[in-house]
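Q: Quick one: the structure is below, questions incoming.
The values are calculated or read from the model by the stated rules, or taken from the named source; none is laboratory data. Source: prediction; values computed, not measured. Every residue, glycine as well, gets a Cβ built from its backbone with ideal geometry; the counts of neighbours run over all protein chains shown.
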């Protein structure tokens, strides 16, 4: 995560505290997905933090996370990835 954010001068030292406002999370998602996201609310109240986290969740629910990978089993199990990626269709089925 710090690898993506270092060009913006952001370093995460405490994951929970640094991502709690949602502003850094939005920036990270923007960099990883190469997508322009709505600007983060800069307020310090809980309502601003909730708004930022809501923007991040809306983005993830919009399908970007589903395009990233097909599930935790396929991410962790390389055999399952190859089995899923290289599907062989028998010629007799055509």
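Q: Can you tell me which residues in region 1-24 are in a helix (DSSP H, G or I), within 13 Å of residue 53 (Cβ to Cβ) and touching a residue at least 12 places away in the same chain (Cβ under 8 Å)?
A: Residues satisfying the conditions are 23, 24.
Q: Can I ask one more? Determine, yes or no, whether residue 27 is buried (at least 16 other Cβ atoms within 10 Å of the Cβ) and either assigned to a helix (DSSP H, G or I) or free of Cβ contacts under 8 Å to residues at least 24 places away in the same chain (or both).
A: In short, yes.
Q: Is it the case that residue 4 is within 22 Å of residue 62 (Cβ to Cβ) and at pLDDT below 90?
A: The answer is yes for residue 4.
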